[in-house]
Amino acid sequence: LALWYRIAGDTLESQRTFGLLQHIGIIFALYALARAWGHLAAVGTALVAAMMILTPIGLSALAWHGALALGLWSVVFAVRSMSTGGLTDLWWAGGLAGLALGYRPDLVVAIALALVFVLWRSRADRTGWSVLAAGGFVGLLPMWFHLVRVGPGTAIRGMVVDPIVELRPGRELPRPPGWSEADGALQAVAEGVPPWWGLPAIGHSQQLFFWFFAVIMIAVAVPVVGFVRARASGWSDRRAGLLTAGGLFGLGILPQAMQRPDSTHLAWVAVVSWSLLVPSLIVLVRDRFSIGRRAVGATVAVGLLMLVVCPFYTYRHYLLHTRVSAGQLPVPFLVERGDHRFWFGDFFVAKALNEMIPELEARSEPGDRLIVGPADLSRTIYSDVSVYFLFPELEPATYYIEMDPGLADAEGSGLAADIATADFLVLTNIWTGWNEPNASDLHLSQEGNQAVADHFCLVERYQDNLVLLYERCEGGGGVSPAAVTGRFPVVPNDDA
């Protein structure tokens, strides 16, 4: 992504274009895996994939999507090697797997399940394993560079300890999801208004409840169908082996849904196994109908399953963004500075930021240090990192960019020391209404708030404390930002 920014510029449009390319990579990899069952089956698989991967968070270029695309293409080349017996395909499988792990190291389980199965079934000799490992080593070159550049200790902290160990209590959600209301803060806000189409549907929280169990069952069922079919054919059915490998990859990413079963994470996991459910149904029906009829029937069946179980989180969002693109609905609210622009889902949030920008622009100089965070720094739910993007000439003054609960607000986190080095603070109440049944509701260390009181004076408040601008001043203002914290509904950024 950094290389892409150097080529295409660091604009929202270039970032979304990169995100689109990652999405296309996922969709076409699943199309390639299903192509063995014919064009109609592959198209049906790709349609399911598009509905799952395009809807949760738009075209944002997230690491998960890049890892998923590269990991799935690794599986494509691996299963291709089962037919060709070529070492070149194995080398590409290893190389793409290494690149995928550079995006998301936690994908190692899914990739290992799929690739080890392929090598086992193809009875690869020592040369085959060596070629795969060599490709993986080359694909991991960016990771080796990262480890040398930052040091193993820092890398382990940033990629393992903080996101997996320390963050988990503040981001986990109950398993299974709640029946009467959505546990995830964004789902509770986004699905509060019924869809315009008026079709009968179960409630949005009940959809998450049923979807959770359906994701687990289908993730297990797809590789089982492939494995049983392969054994029944004496492992001579290449398509059954292909389905098993792809299904094992889908099963390996299941922990991503288990740790936070909201609609976004369920869709990120379901995109593999639910898409491969199309060829799985074709295998189950076998030869009772033509392959074309089976493909159409399987696609319709999966489409109906989505309509019953999770229509608000698939069809609804796809139609929403389609209607925005077609001009039937207004675009979100624009915040703009020069060639850097960002859209917000709330008018008053956009107005507050647009009012703040000229003041910060007038007071700051290039190279000044900026921290963006929540108004109450004892509860770091999220921060509006788009402000960093809008002021690229200012240096972020903290390690805690996203401001995750249990990390930035922990005692001795170092956030207070970071604040002491900053020149300006932009603190917001945009996420104050964040409410989830986990540790994100806790107010932890007051060190950050005290550092603000000791070193900063309040310059201005915007739109009833939605946005607060602070500037370093001699002796500090003596007022904790928590004292001007209001209760505002959480506003999902970039939500149409």
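The values are calculated or read from the model by the stated rules, or taken from the named source; none is laboratory data. In this text, all values refer to a predicted model and were calculated from it rather than measured experimentally. Every residue, glycine as well, gets a Cβ built from its backbone with ideal geometry; the counts of neighbours run over all protein chains shown. SASA here: full protein model, heavy atoms, side chains in, ligands and nucleic acids out. Shrake-Rupley method; radii C 1.70, N 1.55, O 1.52, S 1.80 Å.
Compared with the alpha-carbon gap, the fully stretched path from A112 to V479 is longer by 126.8 nm at 0.36 nm per residue. If you sort D376, D339 by accessible surface, 1.4 Å probe, largest first, the order is D339, D376. Ligands, DNA and RNA excluded, the heavy atoms of R35 present near 110 Å² of accessible surface to a 1.4 Å solvent probe. Projecting the Cα atoms of T45, T314, V228 onto the charge dipole of the chain (Cβ charges, centred on the Cα centre) puts V228 farthest toward the positive pole. Estimated purely from DSSP H runs of n ≥ 4, each contributing -39500 (n - 2.57), the mean residue ellipticity at 222 nm for the chain is -17500 deg cm²/dmol once divided by its residues.
May I ask what percent, to the nearest 5, of DSSP beta bridges between residues of the chain are antiparallel?
Details: 16 of 23 bridges.
Approximately 70 percent, going by the DSSP bridge assignments.
Out of every Cα-Cα pair that the range 356-458 contains, those further apart than 15 angstrom amount to 58 percent.
Annotation: cysteines of the chain without a disulfide-compatible partner (Cβ-Cβ under 4.7 angstrom) are C310.
I need to check one value: relative contact order of the range 314-446, counting alpha carbon pairs closer than 8 Å and at least 6 residues apart, in percent.
23 percent
The spread of Cα positions in the range 367-416, taken along each principal axis and listed from longest to shortest, comes to 30, 17, 14 Å. Measuring nothing but protein heavy atoms, the accessible surface of the chain at 1.4 Å probe radius is 63 percent carbon and sulfur. Per residue, the average separation of C-alpha pairs within less than 8 Å and at least 6 apart gives the chain a relative contact order of 15 percent.
Accessible surface computed residue by residue for the chain, with neighbouring protein chains in place and a 1.4 Å probe, gives 44 Å² per residue. Summarised in one figure, the compactness ratio Rg/Rh of the range 166-298, Cα atoms and Kirkwood Rh, is 1.07.
For the range 352-369, the Karplus equation 6.51 cos²θ - 1.76 cosθ + 1.60, evaluated at θ = phi - 60°, returns couplings of 4, 5, 5, 6, 6, 4, x, 5, 5, 5, 6, 8, 8, 10, x, x, 4, 9 Hz by residue, with Gly and Pro reported as x.
Value of Rg to Rh for the chain, rounded to two decimals, is 1.00; Kirkwood radius and Rg both from alpha-carbon coordinates. Rounded to two decimals, the Cα radius of gyration of the range 58-137 over 2.2 N^0.38 Å is 1.06.
Here the scattering of the range 284-438 is modelled by Debye summation over its C-alpha atoms, one equal scatterer each and no solvent; at q = 0.13 Å⁻¹ the log10 of I(q)/I(0) is -0.77.
With the simple model of a label 7 Å out from the Cα in the direction of the Cβ, A417 to W235 spans 5.6 nm.
Rounded to the nearest 20 debye, the dipole size of the chain about its Cα centre is 3380 debye, using +1 on the Cβ of Lys and Arg and -1 on the Cβ of Asp and Glu.
Taken as Cα centroids, the range 326-342 and the range 43-64 sit 22 Å apart, rounded to the nearest whole angstrom.
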